[in-house]
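These notes concern the structure reproduced below.
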Amino acid sequence: MLTPAVAAGRETVGIMFREAPEPKFPFSGWVFLSENDFQNLSRGRGSLRFHDPLAVLRIAPEVAPYLDLPPGSKLKRVSRTTFEPFV
């Protein structure tokens, strides 16, 4: 899932986390947000949309090394190409 700002390329992925995949949907559990989107969603504003996994990789190829992490993983961008776990 992506926020509209990340999907459109107006914002970069700043936070990514993985929820449990939903067996009834083609959903890996990954959610990708910009820092601004994260703040808006935690205040009850903003939205998320399902996207093709290849679309995510075209928009943010730097997330590829992390996609095999298990549900419950939470990562924050620390550099142009690196994410680290956060609580």
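The values are calculated or read from the model by the stated rules, or taken from the named source; none is laboratory data. Keep in mind it's a predicted model, so treat the numbers as computed, not measured. Cβ atoms come from the backbone with ideal geometry, glycine included; neighbour counts cover every protein chain shown.
Of everything listed in (1) out of contact with any helix residue (DSSP H, G or I) (no Cβ under 6 Å at 6 or more places or on another chain); (2) at pLDDT 80 or above; (3) among the hydroxyl-bearing types (Ser, Thr, Tyr), the single unmet condition for residue 3 is (1).
The rows are residues; the columns are (1) at pLDDT 80 or above; (2) under 11 Å from residue 1 (Cβ atoms); (3) within 10 Å of the chain's Cα centre (by Cα).
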site	(1), (2), (3)
19	yes, yes, no
32	yes, yes, yes
46	no, no, no
50	no, yes, no
63	yes, no, yes
68	yes, no, no
72	yes, no, no
75	yes, no, yes
78	yes, no, no
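Number of residues in region 67-87 that are touching a helix residue (DSSP H, G or I) at 6+ places or on another chain (Cβ under 8 Å), loosely packed, with under 10 Cβ neighbours inside 10 Å and not charged (D, E, K, R): the value is 0.
If you check 27, 86, 38 for being modelled with pLDDT under 80, out of contact with any His (no Cβ under 6 Å at 6 or more places or on another chain) and among the aromatic types (Phe, Trp, Tyr), only one passes: 38.
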